[in-house]
1. Of the GluC sites (Glu not before Pro) in segment 1-95, which ones lie in a loop per DSSP and count no more than 15 other C-beta atoms within 10 Å?
2. Rounded if a/c is under 1.5, else prolate if a/b is larger than b/c, else oblate: which is segment 221-335, with a ≥ b ≥ c the root eigenvalues of its Cα gyration tensor?
3. How high is the relative contact order of segment 142-199, in percent, counting Cα pairs under 8 Å that sit 6 or more residues apart?
4. Go ahead and run the numbers for FRET between Glu253 and Tyr280, Cβ-Cβ distance against an R0 of 41 Å, rounding to 0.05.
5. Rounded to the nearest 5, what is the percent of antiparallel bridges among the DSSP beta bridges in the chain?
6. If you take the square roots of the eigenvalues of the alpha-carbon gyration tensor of segment 206-266 and sort them as a ≥ b ≥ c, do you get rounded (a/c under 1.5), prolate (a/b over b/c) or oblate?
7. Using just the alpha carbons, could you tell me how many Å³ per residue the convex hull of segment 91-170 encloses?
8. Which peptide among 287-296, 212-221 comes first, and what is the full order, when sorted by highest mean count of other Cβ atoms within 10 Å?
Amino acid sequence: VILKHYVAGYLKESDMEFKNTNIKLNVPEGSNIVVLKNLYLSCDPYMRTRMRKLEGSYIESFTPGEPITGYGVAKVLESGDSKFKKGDLVWGMTGWEEYSVATPTQHTLFKIHDKDVPLSYYTGILGMPGMTAYVGFYEVCSPKKGETVFVSAASGAVGQLVGQFAKMFGCYVVGSAGTKEKVDLLKSKFGFDEAFNYNEEQDLDAALKRYFPDGIDIYFENVGGKMLDAVLLNMKLHGRIAVCGMISQYNLENTEGVHNLFNLIVKRIRMEGFLVFDYYHLYPKYLEMIIPQIKAGSVVYVEDVAEGLENAPNALVGLFSGRNVGKQVVVVSRE
Ligand code: NDP
């Protein structure tokens, strides 16, 4: 799947192209490259930001005319790197293609040891989004038992886990999502105390006051824009906002202004952005916690699975209109 050009405005399927080409898969003598057969690919909102010309960002732009890259689960076909051998399963940075050639560096390719769980989970709960929820909630939010927590984009890859972690921690948790189906899922499957459909609310401030009459201690920010402005009006004294993402802004050429920032001062709020990449050293600790919980069924994970690499562009576009229900995965091959 090739990015045709830098993208302006809302991402469209036609900004990408599905093309067949032949690539050489041999590992030259002395090289440390790894040849991968891609099994599952992850659709992630940040990929949209790589489709414009970036300067001085934490990540590089995609190259127009080249295959898109992103997180995925793959099988090692050949390896010039002593850390990986033929037949290993890995997750990490790969290409939106059937076969990829990767040069592993620290934290770009992780060996999969526990195969007793769905492999696709390594694009979600056991991969980057899972780590994002874990470090965002436990490391950035500084939660205390009994606090009130609000999560936006709550049914997504990250949000559904933040809600479950916060509930297990003993917090009161409310989520917002864009459809009735997602709101039902938040309450019935993920155990949120309350949930609402932000598309049905005329006044987001009033909606938040309904669920948080005494205010919000922790806001896990996934969307930005109007929701952030409404949340700022409802934060408690010494509240914390973990700024994970702002998906409502990713397709805009001029991002929306935020009007209520003065509340940060008045209420002594700590608002902290974070990037999951800075925390990958905690991955083994996270796996130790989460794998037993998955196996015991005390944490659940919902995926939205698109079949076939040719359907990957459509799946990625769907993130920005909320078409995905749960973690958006693309199956390239099941073995
Ligand atoms: P999701 O699985 O939640 O998919 C995106 C969801 O965002 C959609 O399903 C939709 O749900 C919602 N959405 C889309 N457009 C809008 C909009 N204009 N306004 C409000 N909601 C919208 O994605 P992830 O869980 O993977 O990612 C969630 C956030 O976390 C993103 O902002 C992402 O960039 C960020 N992130 C940050 C990381 C970091 O290191 N800081 C790492 C990983 C993710 P709905 O139907 O509810 O509208």
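What follows draws every value from the coordinates through simple rules; no lab data is involved. Everything quoted here is computed from the prediction, not taken from an experiment. Using ideal geometry, Cβ is built from the backbone for each residue, glycine included, and neighbour counts are taken over all protein chains shown.
1. Working: sites: Glu13, Glu17, Glu29, Glu55, Glu60, Glu78; in loops: Glu29, Glu55, Glu60.
Hits after loop and neighbour filter: Glu29, Glu55, Glu60.
2. On the way: a/c = 2.55, a/b = 1.41, b/c = 1.81.
Verdict is oblate for segment 221-335.
3. On the way: 110 pairs, mean separation 19.4, N = 58.
Reported as a whole number, the value is 34 percent.
4. Numbers: r = 32 Å, r/R0 = 0.78.
After rounding, the FRET efficiency stands at 0.80.
5. Values: 27 of 52 bridges.
Bridges in the chain that DSSP calls antiparallel: roughly 50 percent.
6. Working: a/c = 1.90, a/b = 1.76, b/c = 1.08.
Verdict is prolate for segment 206-266.
7. Working: hull volume 9.8 nm³, N = 80.
That works out to 123 Å³ per residue.
8. On the way: 287-296: 14.5, 212-221: 20.6.
Peptide ranking by packing, descending: 212-221, 287-296.
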